[in-house]
Amino acid sequence: MKNELSVAKFKKLSFLIAIILIGTFGINAQIAFKPPSIPMWDTWIYEEYGVYHLFYLSEGNLGRAMSTDMLHWEALPSIKLDAKKGDWDESGARMTGCTVKQGDTYYITYGSDTNTGILISKDLKSWNRYEKNPIVTAQYPYDSNTNHFRDLVSFYDSENKIWDGYMFGIHKETGRPSIAHLTSKNYKKWKYKEPLFISDDYTRINKGFVFLEVPDYFQIGNKHYIVFSSVRSRKEFTSGRKDASGTWYIVADKKEGPYNVPDEPLLLGYGNGRTDTYVGHTISYNGQRLLYHHTWGEWDKVCLGTPKLVHQNSNGTLELRFWEDMEKLKSKLLFKKQKIDCKVSQEESRKWETLKDINVKDLVISCKVNIENTSKAGINWHVKGNKAQGICFYPNDNKITIGETQHITSLKSNTIKNIIFDDFTKEDLINGEFDLRILSRGHMVELYINNKWIFSTSMLGTPEEGGVGYWSDAGEMKIRDLKIFEIEPLK
């Protein structure tokens, strides 16, 4: 017993030393993490002694990084799977997993096709394949004749001394997508339970889903939540978006269910059939619940997205809000002005203005906005000539859009062309004065209104740096307490 305690103390001391070294010798400051030389896909995080260990799928292997604040990351060597031809996982780690600790042993679950196995470690550094893999295969009550039994994530129930596992599977009897439920006492042998949730048959106007990928469970107060991802569950209209995809959630009063689909189930996502972010997980950080995710798009552009604060409303529904720790990443104040009034007469028709002496790539814009008596107005950044990245307000339609804006003046015309990438509609969204925050980093732009998350959008193909400006059709847009900060780039 004394030796075991000594080992435990040594491990804890090692992690504390790691924290000190990270803080002292440094990680390049960045809002999110981008692997230095390898691609990133689905991610998950394991926390121990205040150190956050990031794992991610990477060409059949598992990439790694480490952080103490969820903002600054240090890349670590990848975990090589070393699968050989004929092995159950010869295609590599292709399906999302998780990292847990039981006793003095760490486990990584990972999937290859419809099978799931584990890697085992004593120190989170050296990992060995388990000789009796795979530990989970598609079995009743789940259909073994499909390609969908994957993405095992697990949580320890200390009261019942059992592991609860959650997966995406097709329910055998109904043929519908489900959140599969498994339990284990030792993390190596699992019992198959009835699903915690079975989706309705999918249509574009109901609450059914095509897939329930990469499930994750957490509890806030007396409510229990499961989040999952789906890029193929687009609806005519849901949660403020058309043709929406992303990370969704369901809610229950008990861990065992029943789980229900709320009226606005899209927690993090995008509309118009886009693919900007994917696989949202949550983690507890200093008493807060944060959602983290990876971006999507071209392989060499994929990175870890900025954390968002998971906020529980009084009725148990969820929304994402701006996480105040992000303020720590501001590096330089570029511009500050208390009051800007963009007044446009009917004779002028519309006005396009650019602030002087600003040229920046990675930035945060914060201000208060009030739009009066105009059908359309907007704010631009990365202004280059007559083109810019920008948002457009449509107060009569309770709508805001994000995309590329162009100022066109030819043949006596004066036109603002709005090329819409994504849009969001909600009643009273932009009525009266509202707080606005725009964060542009790399190819991604994020937008918050009254601290509520609205967009995380890839802006590839638009100007990558430039000035900041604003525009309006006939009427008036008032901007108050405008501040523009440069932020540290994604390195």
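Magnitude of the charge dipole for the chain, about its Cα centre and with charges confined to Cβ atoms of Lys, Arg (+1) and Asp, Glu (-1), is about 680 debye.
The alpha-carbon atoms of the stretch 108-200 define a convex hull whose volume equals 98 cubic angstrom per residue. Could you check how many percent of all C-alpha pairs in the stretch 330-419 are farther apart than 20 Å? I get 41 percent for the Cα pairs in the stretch 330-419 exceeding 20 Å. For the stretch 379-434, the calculated P(r), taken from all Cα-Cα distances in 10 Å bins from zero up to the bin holding the longest distance, is 24, 44, 27, 5 percent.
Cβ under 11 Å from R234's Cβ, R234 left aside: what net charge do those residues give with Lys, Arg +1 and Asp, Glu -1? Summing Lys and Arg as +1 and Asp and Glu as -1 gives +4. Average projection, convex hull of the Cα set of the stretch 198-242: 3.9 square nanometres. Residue by residue, the stretch 218-224 carries 3J(HN,Hα) couplings of 7, 10, 10, x, 9, 10, 10 Hz when phi is fed to the Karplus relation 6.51 cos²θ - 1.76 cosθ + 1.60 (θ = phi - 60°); x denotes Gly or Pro.
In this structure, the residue pairs whose Cα-Cα separation is over 20 Å, taken from K132/K172; K343/K376; K368/K417; K356/K384, are K132/K172; K368/K417. Candidates G461, L439, W471 compared by Cα position along the dipole of the stretch 422-474: farthest toward the positive end lies L439, with charges placed on Cβ. The alpha-carbon atoms of the stretch 230-306, seen along their principal axes, cover 41, 36, 19 angstrom, with the largest extent given first. In the chain, a dipole from Cβ-located charges (positive for Lys and Arg, negative for Asp and Glu) runs towards its positive end, and of Y156, L291, F322 it is Y156 whose Cα lies farthest in that direction. Electrostatic bookkeeping for Y202 treats Lys and Arg as +1 and Asp and Glu as -1; over the other residues with beta carbon under 9 Å from its beta carbon, the sum is +1.
Across all Cα pairs in the stretch 295-445, the calculated P(r) in 5 Å bins from zero up to the longest distance comes to 2, 7, 14, 19, 22, 17, 11, 6, 3, 1, 0, 0 percent per bin. This model, with +1 at the C-beta of Lys and Arg and -1 at the C-beta of Asp and Glu, gives the stretch 254-298 a dipole about its Cα centre of some 220 debye. Rounded to the nearest 0.05, the FRET efficiency derived from the C-beta distance between N260 and S284 at R0 = 35 Å is 0.90. The tail of the calculated P(r) for the stretch 156-234 beyond 19 Å holds 43 percent of all Cα-Cα pairs. Quick one: compute the contact order of the chain, relative version, from alpha carbon pairs under 8 angstrom and 6+ residues apart, as a percent. Once normalised by length, the contact order is 11 percent.
Tally Lys/Arg at +1 and Asp/Glu at -1 over every other residue whose Cβ is under 13 Å from the Cβ of E464; what's the total? That works out to +2. Close amide H contacts of K235 (hydrogens built in the peptide plane, cut-off under 5 Å, sequence separation of 5 or more or a different chain): D243, A244. Which one of T109, M66, N222 has its Cα pushed farthest toward the positive end of the charge dipole of the chain, where Lys and Arg give +1 and Asp and Glu give -1 at the Cβ? In the chain, that residue is M66. Derived scalar couplings between HN and Hα for the stretch 58-63 equal 8, 6, x, 9, 10, x Hz in order, rounded to whole Hz, by the Karplus curve 6.51 cos²θ - 1.76 cosθ + 1.60 (θ = phi - 60°), x for Gly and Pro. Taking the Kirkwood radius as Rh and the Cα radius of gyration as Rg, the stretch 389-491 has a ratio of Rg/Rh equal to 0.95. Mean projected area of the convex hull spanned by the Cα atoms of the stretch 169-215, taken over all viewing directions: 3.7 nm². The charge dipole of the stretch 332-487, taken about the Cα centre with unit charges on the Cβ atoms of Lys, Arg (+1) and Asp, Glu (-1), comes to about 380 debye, rounded to the nearest 20. Across the stretch 410-466, the fraction of Cα-Cα pairs farther apart than 13 Å, rounded to a whole number, is 71%. Distance from the alpha carbon centroid of the stretch 174-206 to that of the stretch 322-394 works out to 46 angstrom. Eigen-decomposition of the gyration tensor built on the alpha-carbon atoms of the stretch 353-397 gives equivalent ellipsoid semi-axes of 22, 12, 10 angstrom, largest listed first.
Exposure proxy shown here: for D357, D243, the number of other Cβ atoms within 10 Å sets the order, fewest to most, as D357, D243.
Pairs from the list K337/K361; K34/K328; K85/K185; K351/K399; K185/K235; K332/K387 with a Cα-Cα gap above 29 Å: K85/K185; K185/K235.
Using the alpha carbons alone, the radius of gyration of the chain stands to its Kirkwood radius in an Rg to Rh ratio of 1.00. Normalised by residue number, the volume inside the convex hull of the Cα atoms of the stretch 252-368 is 243 Å³ per residue.
Values in this text are rule-based calculations from the coordinates and carry no lab data. Remember, it's a predicted structure, so these values are computed and weren't measured experimentally. No Cβ is skipped: glycine too gets one built from the backbone with ideal geometry, and neighbour counts run over all protein chains shown.
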